[in-house]
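Visitor: I'd like to ask you about the structure that follows.
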Amino acid sequence: MNELERLKNWYVSCCDGRWEHDQGITLESCDNPGWWLKINLKGTGLESKKFLEISDGIGIGGHPAKESWLHCFIKDDRFDGSGDPSRLTQIISIFLDWAGA
């Protein structure tokens, strides 16, 4: 099963008639260039699960310092994963592996 299928399955497992109305998943491009994956964790079993920040190629101030970069962290009950255009699959995998999905 590929990462997109795994992410879909995780999303569906969280849908309970309420969660999907106020929470969810957002994927957008960013101007670094790259991707930004945001996953709201409120109301999921992951809400209080520890996550160690992952950072590669990020400089002072949290901005990319190399052509190849990746930054994943949790803040305010939201998983934020961003990276250069080649790292989208890796970002999704980081989340899913941590989520146990």
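Visitor: Just one of the numbered conditions (1) in contact with a His (Cβ under 6 Å, 6 or more places away or on another chain); (2) at positive phi is not true of S82; which one?
Guide: Checking S82 against (1) in contact with a His (Cβ under 6 Å, 6 or more places away or on another chain); (2) at positive phi, the one that fails is (2).
Visitor: I want to confirm something. Restricting to the range 36-62 and keeping residues that are of a type in the set (A, V, I, L, M, F, W, C) and more than 18 Å from V12 (Cβ to Cβ), which single residue is nearest to the chain's Cα centre (by Cα)?
Guide: Among those that are of a type in the set (A, V, I, L, M, F, W, C) and more than 18 Å from V12 (Cβ to Cβ), it is W36.
Visitor: Looking only at residues in the range 51-65 that are surrounded by fewer than 16 Cβ atoms within 10 Å (Cβ to Cβ) and aliphatic (A, V, I, L, M), which one is modelled with the highest pLDDT?
Guide: Checked the range 51-65; the qualifying residue modelled with the highest pLDDT is L52.
Visitor: Moving to a separate point now. Quick one: in the range 1-11, which of the residues that are closer than 15 Å to G100 by Cβ and not aromatic (F, W, Y) is surrounded by the fewest Cβ atoms within 10 Å (Cβ to Cβ)?
Guide: Top of the filtered list is M1.
Visitor: Let me ask something else about it. Please state which of the following conditions D22 fails to meet, knowing it meets all the rest: (1) of a type in the set (D, E); (2) at pLDDT 95 or above; (3) surrounded by fewer than 18 Cβ atoms within 10 Å (Cβ to Cβ).
Guide: Answer for D22: the failing condition is (2).
Visitor: Residue check, S48 against (1) small (G, A, S); (2) surrounded by 15 or more Cβ atoms within 10 Å (Cβ to Cβ); (3) out of contact with any strand residue (DSSP E or B) (no Cβ under 6 Å at 6 or more places or on another chain), all met but one. Which one?
Guide: (2)
Visitor: Then there is this: Filter the range 25-45 down to residues that are surrounded by 12 or more Cβ atoms within 10 Å (Cβ to Cβ) and of a type outside the set (A, V, I, L, M, F, W, C) and give me whichever is modelled with the lowest pLDDT.
Guide: It comes out as N32.
Visitor: A further question follows. Which pairs turn up if I take residues in the range 14-40 that are closer than 20 Å to W69 by Cβ and outside any strand (DSSP E or B) and look for partners that are at pLDDT 90 or above and among the charged types (D, E, K, R) with beta carbon separation below 8 Å, at least 6 apart in sequence or on another chain?
Guide: N32/D84; P33/D84
Visitor: I'd like to check something: does the range 66-89 contain any residue that is among the β-branched types (V, I, T), surrounded by fewer than 19 Cβ atoms within 10 Å (Cβ to Cβ), modelled with pLDDT of 95 or more and in contact with a Cys (Cβ under 7 Å, 6 or more places away or on another chain)?
Guide: no
Visitor: Examine the range 65-85 for a residue that is touching a residue at least 12 places away in the same chain (Cβ under 8 Å), part of a strand (DSSP E or B), out of contact with any strand residue (DSSP E or B) (no Cβ under 6 Å at 6 or more places or on another chain) and not basic (K, R), and state whether such a residue exists.
Guide: yes
The values are calculated or read from the model by the stated rules, or taken from the named source; none is laboratory data. Just so we're clear, the structure is a prediction, and the values are computed from it rather than from any experiment. So basically every Cβ, Gly included, is an ideal-geometry build from the backbone, and we count neighbours across all protein chains shown.
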